1. Would you check if there is a residue in the stretch B:52-62 being under 30 Å from B:S107 (Cα atoms), in a helix (DSSP H, G or I), of a type in the set (S, T, N, Q) and more than 14 Å from chain A (Cβ to nearest Cβ)?
2. Only one of A:F64, A:F103 is crowded, with 18+ Cβ neighbours inside 10 Å, within 17 Å of A:P37 (Cβ to Cβ) and aromatic (F, W, Y). Can you tell me which?
3. If I go through the stretch A:23-45 residue by residue, how many of them are at pLDDT 85 or above and either small (G, A, S) or farther than 30 Å from B:V35 by Cα (or both)?
4. If the requirement is being in a helix (DSSP H, G or I) and either at pLDDT below 90 or surrounded by 11 or more Cβ atoms within 10 Å (Cβ to Cβ) (or both), which of these qualifies: A:A255, A:A217?
5. Do we find that A:T70 is buried (at least 17 other Cβ atoms within 10 Å of the Cβ), within 21 Å of A:T104 (Cβ to Cβ) and away from chain B (no Cβ under 12 Å) in this structure?
6. Condition test on B:A41, is it of a type in the set (A, V, I, L, M), under 25 Å from A:F64 (Cα atoms), buried (at least 17 other Cβ atoms within 10 Å of the Cβ) and modelled with pLDDT of 90 or more?
7. List the helices (runs of 4 or more DSSP H) that sit entirely inside the stretch A:90-198 and contain at least 2 residues that are touching a Phe, Trp or Tyr at 6+ places or on another chain (Cβ under 9 Å) and in contact (Cβ under 8 Å) with a residue 12 or more places away in the chain.
8. Is it the case that some residue within the stretch A:69-78 is over 54 Å from the mean Cα position of the chain (by Cα), in a helix (DSSP H, G or I) and without any contact (Cβ under 8 Å) to a residue 40 or more places away in the chain?
Amino acid sequence: MRLKRKIRRKLKRKREPKLIEIYERRFIEALKELRLPLLMLHTALTVGTLGYMLLSGGDFINSFYMTIITIGTIGYGEVVAGSDTLYGRVFTSFLALMGIGVFTTSVTVIVRLFFKEDIITLYRAIKMLKDIEQLEGHFIVCGYDKTSAWLAKTLKKRKIEFVVVENDPNALKYLQEHNIKFFITEEPHKRSVLLSAGIKRAKGMVVNLRDDARNIAVIVTARLLRPSKEDFYIYSFASTDGTAEKMEELGANKAFVPDKLLATRLSAYIFHTGSAFISDLFDRIAFGEETDIDILELKVEPGSPLVGKKLRDIDLRRSLKVTIIAIRKPEGDLNVTISGETTVEEGDTLIIFGKPKNLRRAQKVLLEETYKVLEAKDEV
Amino acid sequence: MKYKKIITDFFILMALTTNISFIVSPNPYELVITVATNLAATILKVGEGRVLSTEMLASSLVADLHLIPALFVFFMGDQVEAVGLAQGALAANIISVIISIIETVLSAFTEEEE
């Protein structure tokens, strides 16, 4: 009795299945449909082979061959001994009558099953989920509409990997048309779906499900899986300012109101009609469309070798080919009238302008130097 | 009583018994019947079972991969080798029956739960 209870408890304590496991199970279920036609074909072959073996006195190879050419409607002739006798011909007649139907039906059903959309789609989905398991530092885009399509285009341009989660089967066509490498056609608010999209290893997420309630459901589920706002960024869309605020309270790093965003961007052009080029340039940089030039914010950490130095002495322009255009003070003031005499202080944020490649290099070099200085201090 | 389970279990047992009978008295008919029942058991095991389905199918495939070569070896004249291969298949078939019993017991527990 105790053993029975133990086994029962063990069987009951099942963990939540992974999406890939569910798909694999569905794949096996789809393969199950092959059983009946295969069994029918198998029976016809066995009956035919055994019958001819009895007629020929145990000649297996020829009996098998004779069965195949009979039920396969090839009919090369009576190749096995005993098949040209009276009993042989009666047997061949019955085998042909039953076997030909079985053979053609089974083969048709098997071939159709293999080309059925379900099996192929499932196989592709399993393969894709396995590839997603290898991703790291990627983004998850929930919902695929025109906005997500533009976003996907930009991410692709910047070579940032992303996984699209969309449950609308109609979107599948567009996902394939737009050459989206990774996508999951499931409900994005499910825990197992987000885990399969690699949320534990992802860098961030964009929630764009065209419905505030669904957006909130996804944000909350994602935030429960990745609680830190510093490690995992969630960006969402909201229909009103109030909802946007709620979303930010519930876990989104930033919630955008699309109409408002569009109006703000348009008004920027109206306000700067005289300087269209420069406002367009800043606009494109801010929105990540300008890939030749970029802006980077670099915080001067305690222990950085930059602390106390004048900009003239640092001379990032010559050494790293980037320009400091402004300095933001810890209290939030932006100093745009900097000169060579300006001194960098602890906690300042340097606004650096330059080519993306040089900016990345500058960030790396400055961070490494800070680390070196801190290490040297520790040793002392 | 489940109709499907009767057929599957019938073929699993039949695969074992015909396998033994071929080893005891090797003759071409026994061998063909053994191969046929084993293949039928394999086809029926696709997707069958809930707890140990993978193990069930794998053990059956092992038996098939012993018996099909045995068939060709036997009709090429090497009886001793064919019997050897059939003995290998016997081991796989015994494991198959054991797994089937375990599967039945375990599914009885889960059914009670539901």
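1. Yes, there is a match, as at least one residue in the stretch B:52-62 is under 30 Å from B:S107 (Cα atoms), in a helix (DSSP H, G or I), of a type in the set (S, T, N, Q) and more than 14 Å from chain A (Cβ to nearest Cβ).
2. A:F103
3. 2
4. A:A217
5. yes
6. The answer is yes for B:A41.
7. In the stretch A:90-198, A:117-132, A:146-157, A:171-177 are the helices (runs of 4 or more DSSP H) which contain 2 or more residues that are touching a Phe, Trp or Tyr at 6+ places or on another chain (Cβ under 9 Å) and in contact (Cβ under 8 Å) with a residue 12 or more places away in the chain.
8. For the stretch A:69-78, residues over 54 Å from the mean Cα position of the chain (by Cα), in a helix (DSSP H, G or I) and without any contact (Cβ under 8 Å) to a residue 40 or more places away in the chain: absent.
The values are calculated or read from the model by the stated rules, or taken from the named source; none is laboratory data. In this text, all values refer to a predicted model and were calculated from it rather than measured experimentally. Cβ atoms come from the backbone with ideal geometry, glycine included; neighbour counts cover every protein chain shown.
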